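The values are calculated or read from the model by the stated rules, or taken from the named source; none is laboratory data. For clarity, every value in this text was computed on a predicted model and none was experimentally measured. Because the Cβ atoms are built from the backbone with ideal geometry, glycine has one as well, and the counts that use them run over all protein chains shown. In case anyone asks, the SASA skips ligands and DNA or RNA and just uses the protein heavy atoms, side chains included. Shrake-Rupley method; radii C 1.70, N 1.55, O 1.52, S 1.80 Å.
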Amino acid sequence: MTLELPRLSTKDMLCTSASTLADISAIYATTRALKAGREVHTAVLRHKRLAMIFEKDSLRTRFTFDIGMQDLGGSAVFMDHRDARLGSRESLKDMAKNLERWVHGIVARTYKHKALEELAQHAEIPVINGLSDFVHPCQGLSDFFTLTEKWGDVRGRTVTYVGDGNNTCHSLIYTAARLGANIRVCSPEGYEPNSRVVSEAMRTALESGSEIQILNDPVEAVDGADAIYTDVWASMGQEDEIEERNGIFAAYQVDEELMARARPGALFMHCLPAHRGWEVTQEVMDGPRSIVYDIAENRLHVQKAIMALLIR
Ligand code: CP
Ligand code: NVA
């Protein structure tokens, strides 16, 4: 099969706020083509190399980028950066200028989003965000790709995110707003998503028809929802706050009772890793409405599409 690989409007994939609807449509069309029949397309990125630089732990992102690169005919080199922040040994500019001489793309998982922006600014090659403290674009794109598989059109559907207004939540908001899905976020006071993300998404929503609501009451937020999404209460880098957050977020656990208040047949979503018994119960994680492993599988297919469209 010959794949059509149109150029995206950006060199990098740092945040979905920069992706146009045409970009996301191209990513999803490529994802569908790559996923169909589980064929391996080794001609797409034959002999291309990917650098993977991670300041934080990972299972899904690390495996899926590495395997995805192999499926497309290329290879990946992993650099474990968990012992030192990026930029501490040499400048991000020098790192970018070296890497672009050896590899054709970079995936980085960082604390500071700024570090990714700096890498992207100085590298001629594409930089893909494998999660920063600010956003998790490949996750948001996989979340909504999975929903398009389940529902067909996501426009007019409502996804309620219950929990911390974090990186995963920000990408969910940006992607929903672009695709015309409704997004409600329900967090304890003081843990709402970044107000800049919300106002930017609200501007996008004016074009797409998406409705965005920020709430504090989970029962109100899930009423009529087509899917309920949650993530950990303390993200990587917030380990010192775990105990305090476990208390603050206790009323925000997604359990059978909360699921029952959403639409009949509402789906359960989580980016994983999940802390069973905290943000979600065992029953909901393992229940018939849970699509968490479908999303995890689609990380592979969606990221293959992103790499196929960005790496030249
Ligand atoms: N959801 C996700 O990004 O998982 P990892 O942290 O395991 O990569
Ligand atoms: N919000 C989580 C997502 C992990 C994939 C974190 O940043 O740790």
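Summary table
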item	result
Whole-number D in µm²/s for the stretch 11-91 (Stokes-Einstein; Kirkwood sum over Cα pairs; 4 °C, 1.567 mPa s)	88
With every protein chain in place, the chain: carbon and sulfur % of accessible area (1.4 Å)	48
Percentage, to the nearest whole number, of Cα pairs in the stretch 124-273 over 19 Å apart	50
Per residue accessible area of the chain, 1.4 Å probe, in Å²	43
Over the stretch 222-277, equivalent-ellipsoid semi-axes from the Cα gyration tensor in Å	24, 12, 8
Spacing of the two label points (7 Å from each Cα toward its C-beta) at GLU244 and SER195, in nm	2.1
Size descriptor, Kirkwood hydrodynamic radius, that averages inverse alpha-carbon separations across the stretch 172-251, Å	13.7
Total formal charge among the other residues, if their Cβ is under 9 angstrom from that of VAL127, Lys/Arg +1 and Asp/Glu -1	-1
Pairwise label distance in nanometres, ASP94 with SER75, each label 7 Å out on the Cα-Cβ vector	2.7
Rg [Å, one decimal], Dmax [Å, integer] - the stretch 91-196, C-alpha atoms	16.2, 47
Interchain or long-range residues, amide H under 5 Å from MET13's placed H	VAL127, ILE128, ASN129
Environment charge at ARG82 (Cβ cut-off 9 Å; Lys +1, Arg +1, Asp -1, Glu -1)	-3
Debye intensity ratio in log₁₀ form over the Cα atoms of the stretch 28-162, taken at each q of 0.13, 0.16, 0.17, 0.19 Å⁻¹	-0.63, -0.90, -0.99, -1.15
Gained length - TYR293 relative to GLU4, 0.36 nm times residue gap less alpha-carbon distance	101.2 nm
The chain: translational diffusion in µm²/s, Stokes-Einstein, Kirkwood Rh over Cα pairs, 37 °C, 0.692 mPa s	167
Burial ranking of peptide ranges 15-21, 82-88 (average Cβ count within 10 Å, highest at the top)	15-21, 82-88
Within the stretch 161-182: backbone nitrogen closer than 17 Å to the LEU206 label point (7 Å, Cα to C-beta)	177-180
Extension gain from VAL40 to ILE67, taking 0.36 nm per residue of separation minus the Cα-Cα distance	8.6 nm
Percent of alpha-carbon pairs separated by more than 17 Å within the stretch 139-212	36
Convex hull volume per residue for the stretch 61-139, taking Cα atoms only, in Å³	91
Relative counts (whole %) of C-alpha pair distances in the stretch 99-142, using bins that are 5 Å wide	5, 25, 30, 23, 13, 4, 0
Residue-count net charge about VAL219 - beta-carbon cut-off 10 Å; Lys, Arg +1, Asp, Glu -1	-3
Dipole-positive endmost among GLN282, GLN70, TYR111 within the chain (Cβ charges, Cα centre)	GLN70
Within the stretch 186-285, GluC sites (Glu not before Pro) in DSSP loop having at most 13 other beta-carbon neighbours inside 10 Å	GLU189
